[in-house]
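The structure under discussion appears below in the form of structure tokens.
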Amino acid sequence: MAEAEAGEAPGPRPLRFAARTGWDLSENRLASVLAAARRAGRALVDFTEANPTRCGIVDAAPLVARLGEPRGCRYAPLPLGDPGARAAVSRYYQERGLDVPPENVVLTASTSEAYGWLLKLLAERGDDVLVPVPSYPLLEFLACLEDVALTPYPLVREEGWRIDLGALERAAGERTRAVVLVHPNNPTGSFVRRDEAAALEALALERGLALIVDEVFGDYAHGDLAPDRLPSFAGRRQALTFVLSGLSKVMALPQLKLGWIAVSGPPELAAAAVARLEIIADTYLSVGTPVQLALPEILAARAPVQRAIQARVRANLAALDAAIAAHGGGAVRRLPVDGGWYATLEVPRVLDEDGWVELLVRDEGAIVHPGYFFDMPRDGFLVVGLLLEPAVFVEAAARLAARLSRAISGG
Ligand SMILES: Cc1ncc(COP(=O)(O)O)c(C=O)c1O
């Protein structure tokens, strides 16, 4: 004002972006090492490959072709999703003995979007949700975009990734709105135990919390689950529960962009949650019509797809174990997993995790995740994905195990 009074035109005001996306995108040390290896034209084997459409497991063409249905030419959006598609998700649970009626299914474009909607539904700005550590680092960004804080709770490695319920209870504060579970967890592959689920539901009731359960890998147990493990939270009635999943992992078709939320809990509360989710869904209408119309047929075709993925993952896990055993085992240990698409290696701390990753890229052209990417409890872990073509995986796993073994014995 003083300047204007003095007759000077005010200078242009600089445009400012909201802090929400002010992330540090500078290249970290590993990204630089990788970029250098690529520039040098090195042949790389990417054990972190998580995109199933690049791993030659499933012929997606006949499934994708189902999106060509002429009814998909018409746009008549329903916020919670096409009734036939919601019924197909309900059937998917019913076929596993889980009761999720179609009216409790909310379609989304992905599991990531489902998380975003649930944070909008449950949390005011500055509220928090409890998240497992270690786990997949997806929530950090989603929560930041919703102005929600994350409070970690630990999984105890020495006890088969048991939830530290005491720590979780202490972490739940006045502004905590939900507990997130990744079930089975990524990358630990651990399913929640039945007694943990019951304790969490009791806590949720007592503290007014919802449970958000990411079950994207729920169909990928390695064989029969131990009886103390809970196969799924879908349809449970005790606490308000949101089970998330979608085509990205259930059908290995992330490009179709269809996920869902299966809502359960005390019936009135579940119905109120669905009604409010409908408001959010109506604001975006984000799920494409063709994929919704094709969903019943796509989900009905899941058995051979999942068999092929399970066979791939188990064969690669066996190859990894064989490679470790062939090089003396002992110093390198593959941690037990109940399911999922990943394996975690515990390695001696003669190098830090970045050091191990760099060594493997430099000497073997093998890319693995450092454990800290998933917030492992301490240094000394490497994570490998299990989706690669077996011919590539077997040969590269043998080289990886050999190089680890040499480095451990001082070479
Ligand atoms: C545990 C977990 N949840 C969610 C996602 C994201 O799934 P979507 O593609 O449905 O957003 C991933 C992706 O890898 C994941 O590992």
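Ala262 meets all of the listed conditions (1) more than 16 Å from the ligand (Cβ to nearest atom); (2) in contact with a helix residue (DSSP H, G or I) (Cβ under 7 Å, 6 or more places away or on another chain); (3) among the small types (Gly, Ala, Ser) but one, namely (1).
When the helices (runs of 4 or more DSSP H) confined to the range 1-112 are screened for residues that are surrounded by 15 or more Cβ atoms within 10 Å (Cβ to Cβ), those reaching at least 1 such residues are found at 29-39, 61-65, 83-94. Across the range 220-238, the qualifying residues are those that are free of Cβ contacts under 8 Å to residues at least 60 places away in the same chain and crowded, with 19+ Cβ neighbours inside 10 Å, and the one among them that is nearest to the ligand (Cβ to nearest atom) is Phe233.
Out of all the residues in the range 173-196, is one or more surrounded by fewer than 22 Cβ atoms within 10 Å (Cβ to Cβ) and aliphatic (A, V, I, L, M)? For the range 173-196, residues surrounded by fewer than 22 Cβ atoms within 10 Å (Cβ to Cβ) and aliphatic (A, V, I, L, M): absent.
Restricting the search to the range 239-259, which residues are among the β-branched types (Val, Ile, Thr) and either without any contact (Cβ under 8 Å) to a residue 60 or more places away in the chain or more than 10 Å from the ligand (Cβ to nearest atom) (or both)?
Within the range 239-259, the subset among the β-branched types (Val, Ile, Thr) is 241, 243, 250.
Thr241, Val243, listed by residue number.
Can you say whether Gly97 is away from the ligand (no atom under 14 Å from the Cβ), of a type outside the set (Phe, Trp, Tyr) and either within 30 Å of Leu382 (Cα to Cα) or assigned by TED's automatic domain parsing to the domain that holds Arg177 (or both), as far as the supplied structure shows? Yes: the conditions hold for Gly97.
Of the residues Val392, Val332, which single one is assigned by TED's automatic domain parsing to the domain that holds Glu49, over 29 Å from Arg193 (Cβ atoms) and either surrounded by fewer than 17 Cβ atoms within 10 Å (Cβ to Cβ) or out of contact with any Gly (no Cβ under 9 Å at 6 or more places or on another chain) (or both)? Break it down into steps so the answer makes sense when it comes.
Values: Val332 fails: over 29 Å from Arg193 (Cβ atoms).
Testing whether each residue is assigned by TED's automatic domain parsing to the domain that holds Glu49, over 29 Å from Arg193 (Cβ atoms) and either surrounded by fewer than 17 Cβ atoms within 10 Å (Cβ to Cβ) or out of contact with any Gly (no Cβ under 9 Å at 6 or more places or on another chain) (or both) leaves just Val392.
Pull up the range 197-219, narrow it to residues that are farther than 21 Å from Gly173 by Cβ and part of a loop (DSSP other than H, G, I, E, B), then point me to the one that is nearest to the ligand (Cβ to nearest atom). By that ranking, first place goes to Val216. Within the set Leu150, Leu139, the sole residue that is modelled with pLDDT under 95 and under 20 Å from the mean Cα position of the chain (by Cα) turns out to be Leu139.
Picking from Arg194, Arg162, which residue would you name as being within 19 Å of the chain's Cα centre (by Cα) and away from the ligand (no atom under 16 Å from the Cβ)? None of the others qualify; the one that does is Arg162.
The values are calculated or read from the model by the stated rules, or taken from the named source; none is laboratory data. Every value quoted in this text rests on a predicted model; they were computed, and no experiment measured them. Backbone-built Cβ (ideal geometry, glycine too); neighbour counts: all protein chains shown.
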